[in-house]
Every structure is written in structure tokens, then in C-alpha cells.
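Please treat every number below as a calculation from the coordinates, not as lab data. Values in this document were obtained by computation on a predicted structure and should not be read as measured data. Quick reminder, even Gly has a Cβ in these numbers, built from the backbone with ideal geometry, and neighbours come from all protein chains shown.
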């Protein structure tokens, strides 16, 4: 998300960062490029106008002109105005109300409402220890009911069964009664979507809303939808008293304009970002971090949090003890590391959170950014015997052919992995001898094997 916007803004702002003096002409030229970048990223025209006017007012004032580092001062202004456009940081759902907390999800078909219902259930369970009941009133798409039921089974949360022959408001009423009787803390209701906004759809969701009187009415919108997302946001904002927005598919190759527009159009806060297909791929919306990523500053704090959540500390300490005793890094250790990297979203997800200046100009092979490569490497290691994993020097030509056949790969894939492994093993040996600084100097700024 924001890849194209980051690229365009990066080019416009790089020239400013090192300047000791900035004129009104410099500012006007930069803001013209920023305006074009925002419009190309599908940011709504009224939002672009408000943003540019706010930056211009501050930039031409004393705040920049008298600064010792005017280029950096202008970048800082653009950052703070981006944050202002996107709103305040999210605390999630308002749970300080009598149980059950009722959450209604609305949006167009394909926006990811059903998946978001599952993600919210997991967030409520993992972060807030709540008992959750999921229900679907989407009688137009029976597959949505089945999908939600399977998500509920996977998450081990409650599910209220519904049928395509029932009326949506009747399902909603019965689900609410079940949530109260079953002493659930939260009821999450998935509603029907359409390919476009229509009167019938709005009337239906309003009837369901009248039955439930939800505490949270969330508009779920595909961040890759561009101007359609803005039009849908306006229509749903008129039909329902929305309390927040969920931006889905924020990990896709999107222009990102929806994130900078929907809050302005609806006047409601963005609460969550959907950043993947898994049920744990839901993040609280943090506009300051998003603005930093848009301007190529990265999100190091987000990266640290992700590592803390996903990395198995016990496993990491075990590996450190092993290396400190002079034992060699082996393929079992590598498989563990690749598995943890996969859990964190792969190499590309981690690089996305690093400041652009750390990765700019680095030629990172495309295969290292492809998450499928991690799965292939793990498959090759799984095809080895335990003895081969401990002693890679045993792997001769015939063993390579067997490993390749067992993993569905080619012999050259096995050779490539062995070569990369030997590189990494050598680096780990230097690290275990206290040669971290020497190891980093030897790498000369290059990415290590496996990212």
C-alpha cells in the first residue's frame, strides 16, 4: 500500500532534505509535485486542496524560512499535515458499554466484510479476552454464511446459524437474543454487500440497524478501490450513523488514496487496517506511522512490535546459547528462522517498515521478496533427513536428487539453498565469536542471505 505515492513523494522531497535555503519558488514547485502525486494516488480532490493549502500556509511562514534545516522542516510539515488528514490514532472498538457490544459491518461486496468479521472476533478474543458471537444476515450470498461459520470454528468462537430463506432483520433479532442469553461479551454481525450502492441495499442495512441498535457501525472498504471507495463511503455515511472505518487489503499494491480520503468524506475515524488474509492480520490504525511510511521514513516502532509479537524468544535464546558454545548453525535452525520470518509476513513486509534511506539503492533480488520462496526453502529442508540437516556436508549428488524430488523442486534449487546456507553458516560463526561488527563490515551494506 502507498508504494506509488511513496515513490512519487520521495522524488519530490529528496531534493529538499539537504537544502540550507528554501525559496517560495522551491516550495511552490514541490507542492505542485505533491499535488500531482496525491491525485494520481486517487486521493479525493477536496482532500488534496485542504492538504496543500494547509502545508502552503505553514511552509511560506517563518516555520520553514527561519529554520536552520528548512528542507527537513518542510518534510516535517508535510508529515504532520498527512497525520491531520488521516485523523487521530485508533484505540479500537468502544468496549466500555453494557454487554453484549454489538458491531455491525457494512460495505460493498468484495470489500472483505466476512473476513473482517473473523479478524475482529480474534482481536476481541486475543486483545480483550471477550466471548464473541458471529452472525451473518447476508441472505443473498449463502457462501458468506458458510465462510463465517468456518471462521467461527477456526477461531473457536460462537456462531449463530442463519439461512438464506430468512429475513435479515429476523436473523439480527434472533442473534441479539442469543448473544444476551448466552452471556456473550460481543456480537459481530456481517451484512450483505452489492457490487454498487443501491436503494434496496441501503434500506436493508437500515432495517437491520434499527433492530440491533449497534454500538459500533463500521464501514468496511477496500483500500484498492480508489474513487469508488470514496463514493461508497459517502453513501454509507448518509445511510448509517457510522462510528468508524476498516480499511482492508492494505497490504496490496494499492495507490492508497482511499486511506487519505474516507475519513475526510465521512468525518469518522479509521479504526483498523486489514493487512493480510490471516485472522491475525488486523492492525489498529496509527496515522503517524502511516504518514512516516508514505514519506519513506519507515515504521521502525511497528517493526519492533511485530518482531516482539511473532518471534519465539525461547527459540531465539536457545539458538544464541547453541552458537555461543561453538556449535554450528544447521538446517533445522534455518528452518525455524524461515518459519518465523514467514509468520511476520515475509521479507517484503519487513522491508516495507524500514526507512527508505536504508533500502534505497540496495539491489535486493526479486526472489528474496517473494514469500513463495520461503515456502520452497522450507519444503526443501523438510525433505532432508534429520542427519542431513545436522550435517549438510553429507548431501551429495544422489541425495540432492532425492531431496529435490521430495520437495517438488529442481536440483539447482537445492544447490542454491545449500550455497546460501553455507554463506549464512559462515556469518553465524563470525557472530558467535563476537565478530558482529566485522560481519556487518564484510557485508558492505548488502542484504544478508534470506533477507
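Reported to the nearest whole Å, the Cα centre-to-centre distance from segment 202-244 to segment 393-421 is 53.
Segment residue 141..residue 419, full-extension length gain: 95.0 nm, with 0.36 nm per residue of separation and the alpha-carbon distance subtracted.
Work out how much length residue 213 to residue 375 would gain on full extension: take 0.36 nm times their residue separation and subtract the Cα-Cα distance, in nm to one decimal.
Numbers: separation 162, 0.36 × 162 = 58.32 nm, distance 4.56 nm.
Once the chain is fully extended between residue 213 and residue 375, it gains 53.8 nm.
Highest mean packing comes first when the peptides 388-400, 238-250, 156-168 are listed by Cβ atoms within 10 Å, giving 238-250, 156-168, 388-400. The separation of segment 166-183 from segment 75-144, counted between C-alpha centres, amounts to 20 Å. At a Förster radius of 22 Å, what calculated FRET efficiency corresponds to the Cβ-Cβ distance of residue 206 and residue 278, to the nearest 0.05? My answer for the efficiency is 0.10.
Over segment 101-296, what is the relative contact order in whole percent, taking alpha-carbon pairs under 8 Å and six or more residues apart? Intermediate values should be presented prior to the final figure.
Working: 391 pairs, mean separation 49.2, N = 196.
Answer for segment 101-296 is 25 percent.
Mind checking the full-extension length gain between residue 50 and residue 241? Use 0.36 nm per residue of separation minus the Cα-Cα distance, one decimal, nm.
Numbers: separation 191, 0.36 × 191 = 68.76 nm, distance 2.45 nm.
Going from the current span to full extension adds 66.3 nm.
At R0 = 22 Å, how high is the FRET efficiency between residue 340 and residue 391 if r is their beta carbon distance? Nearest 0.05 is fine.
Values: r = 24 Å, r/R0 = 1.07.
E between residue 340 and residue 391, to the nearest 0.05, is 0.40.
Approximating the spin labels as points 7 Å out from Cα along Cα→Cβ, the residue 23-to-residue 174 distance works out to 7.4 nm.
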